[in-house]
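Structure record follows, encoded as structure tokens.
The values are calculated or read from the model by the stated rules, or taken from the named source; none is laboratory data. Everything numeric here is computed off the predicted structure, so don't read it as measured data. Note that each Cβ is placed from the backbone with ideal geometry, even for glycine, and that neighbours are counted across all protein chains shown. Calculation scope for accessible area: heavy atoms of the full protein, side chains included, ligands and nucleic acids excluded. Shrake-Rupley method; radii C 1.70, N 1.55, O 1.52, S 1.80 Å.
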Amino acid sequence: MPETVKVYAVLCANDGRAEELRALLRWMVAPSRAEEGNLRYDLWQDIAKPGRFVLEGLYRDQAAAAAHKDSVHFRHYAPRISDVAMHTVIPVIALDVGKSDEELPAIASDL
């Protein structure tokens with residue numbers, strides 16, 4: 001069974017570009033969610049630093065994550081993002097992902 005891939009991206013708007021970054025990121029949401037291999041695509045905004053955003057993408061497998069980067073909307077987005085923000089992208093695979101707090105080991109109650 002293929003491993004799902006989660007991609008975290010932290011984007012910090014360059015000076016005076018926060019609204020432009022916000023608009024660009026929001027523009028990416030609908031077409032990214034519509035991709036065949038996309039399971040989730042969520043955009044978050046930092047409460048304390050409104051010019052900082054976090055994207056979370058969840059893909060069926062590595063091929064789906066790669067297909068996202070080859071999509072028409074990503075090819076439109078990619079050359080623009082460096083102009084408006086500093087960004088870090090971190091793709092990860094699950095090692096130990098729980099479904100709820102009920103699954104925490106019993107020892108956690110002793111902490």
> residue 46: net charge of surrounding residues, Cβ under 12 Å, Lys/Arg +1, Asp/Glu -1, itself excluded?
Replying inline: +3
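Could you check how much of the accessible area of the chain is carbon and sulfur, as a whole percent, using a 1.4 Å probe? Provide the component values of the computation, followed by the final result.
Working: 4470 of 7900 Å².
Carbon and sulfur: 57 percent of the exposed surface of the chain.
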>> What distance in nm separates the two pseudo spin-label positions at residue 46 and residue 72, each 7 Å out from Cα along the beta-carbon direction?
In response: 3.4 nm
>> Can you order the peptides 9-20, 39-50 by their average number of other Cβ atoms within 10 Å per residue, highest first?
In response: 9-20, 39-50
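Residues of the stretch 1-66: accessible area per residue at 1.4 Å, in Å²? Could the numbers behind the result be given before it?
Working: 4100 Å² over 66 residues.
That works out to 62 Å² for each residue.
Can you tell me the length gained on complete extension of the stretch residue 3 to residue 94, counting 0.36 nm per residue apart and subtracting the Cα distance? Could the numbers behind the result be given before it?
Working: separation 91, 0.36 × 91 = 32.76 nm, distance 0.78 nm.
Going from the current span to full extension adds 32.0 nm.
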> Among (1) 2, 12, 19, 17, 13, 9, 7, 6, 5, 4, 3, 1, 0; (2) 2, 11, 19, 21, 16, 12, 9, 5, 4, 1, 0; (3) 2, 12, 25, 26, 18, 10, 5, 1, 0, which is the computed P(r) over Cα pairs in 5 Å bins from 0, in percent?
Replying inline: (2)
